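These notes concern the structure reproduced below.
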Amino acid sequence: EAQGVIELPLSLAKTSALVIKEIYFGGCKGLNNEEYKDDQYVTLYNNSDQTIYLDGLCLGIVDPGNNLESPWMNYTDMKRIPVNDLTWQFPGSGKEYPLAPGEEITIATNAVDHTSGEYQHANSVDLSKVDWGFWHVSLSKQNIAPGVKPLNLLLNLNSTAWMYSFPVVGPTFMIFGFEGISAEEYVNNPLNRENRSQASNKTKFYLMIPKEWVIDCAECVENEAKLANKRVPDELNHEPVYIPEGDYSGKSLIRKSAASTNGRFIYQDTNNAAEDFIVSKPSLKK
């Protein structure tokens with residue numbers, strides 16, 4: 001083991017070791033001023049002073065993906081958090097993907113250069129050099145540049161999905177890990193899947209994740225009128241954040257830096273997205 005590397009158990013990582021530093025979901029105006037949203041990405045940051053291993057950690061969007069009122073919030077105790085459709089996981093057997101203090105990684109829905117080549121969206125971003133992609137061979141509308149690593153698609157509960165994208169109206173995005181059980185064993189147990197409460201469709205299931213397993217969560221909505229449509233309880237996120245300029249404005253949400261120590265930024269993490277994030281141009285935009 002490298003000198004100075006301390007393995008961090010997930011239970012200690014809870015407060016704010018690994019955070020969502022940036023989430024770019026709203027799209028931009030593409031060629032001929034049309035709406036373009038294939039260029040979404042999320043950046044994770046090691047906000048602690050110890051190395052974190054990404055191996056086995058998961059990413060997902062909380063159901064409902066859009067800003068509808070949540071039947072889960074209305075009718076359940078929210079001890080378990082529902083994942084919308086697809087659950088993604090970092091590969092690795094434990095120590096293959098270290099993230100040092102102050103380091104970050106970016107994961108794109110389509111890891112290509114959206115500004116040139118066949119795409120030519122000048123207002124967009126070059127995502128061909130990001131670290132990871134939400135990419136799987138079964139998703140025919142996703143693209144990934146050579147050299148970008150695909151995440152594992154751990155579970156897909158939407159049989160009609162041909163692409164993975166964040167809701168342009170604002171996702172509630174979360175990072176979580178499995179504790180005391182293998183991911184496969186957990187996700188394949190039917191007791192860990194539920195229908196939406198009060199839903200007429202009883203064939204549509206959602207993976208349910210214990211609230212304690214959520215490492216970080218950023219709740220984004222479309223506008224001020226949708227702030228009431230929370231999808232997670234207060235202890236995961238107190239108040240949602242929105243982009244005042246609206247959908248396809250080319251704006252991103254970036255976490256505020258709270259302090260700097262030895263050249264390493266520490267980002268604000270109060271479990272209140274409305275306070276923790278600022279609206280900015282995407283950090284990957286030239």
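For the stretch 197-220, the condition of being crowded, with 18+ Cβ neighbours inside 10 Å and in a loop (DSSP other than H, G, I, E, B) holds for none of the residues. Looking only at the stretch 180-196, residues that are open to solvent by less than 30 Å² (accessible area, probe 1.4 Å) and in contact (Cβ under 8 Å) with a residue 12 or more places away in the chain come to 3 in all. For the stretch 254-286, a residue qualifies if it is within 26 Å of Cys28 (Cα to Cα), open to solvent by 60 Å² or more (accessible area, probe 1.4 Å) and not basic (Lys, Arg), and the qualifying residues are Ser257, Glu275, Ile278, Ser283. Restricting to the stretch 1-39, what's the tally of residues that are of a type outside the set (Ser, Thr, Tyr), over 28 Å from Glu212 (Cβ atoms), surrounded by 15 or more Cβ atoms within 10 Å (Cβ to Cβ) and modelled with pLDDT of 95 or more? Residues that pass the stated criteria total 7. Residues satisfying the criterion are absent from the stretch 92-108 (criterion: surrounded by fewer than 16 Cβ atoms within 10 Å (Cβ to Cβ), more than 30 Å from Phe265 (Cα to Cα) and within 20 Å of the chain's Cα centre (by Cα)). Selection of the stretch 118-158 for residues being farther than 29 Å from Phe178 by Cβ and not in a loop (DSSP other than H, G, I, E, B) yields only Asp126. Filtered by the rule that a residue be in contact with a strand residue (DSSP E or B) (Cβ under 6 Å, 6 or more places away or on another chain) and assigned to a loop (DSSP other than H, G, I, E, B), the stretch 66-92 gives Asn67, Asn84, Pro91. The requirement of being assigned to a loop (DSSP other than H, G, I, E, B) and within 18 Å of the chain's Cα centre (by Cα) is not satisfied by Lys286.
The values are calculated or read from the model by the stated rules, or taken from the named source; none is laboratory data. Predicted model only: the values in this text are computed from it and were never measured. Note that we place each Cβ from the backbone using ideal geometry, even for glycine, and neighbour counts take in every protein chain shown. Each accessible area value is taken on the protein alone, full model and side chains, heavy atoms only, with ligands, DNA and RNA left out. Shrake-Rupley method; radii C 1.70, N 1.55, O 1.52, S 1.80 Å.
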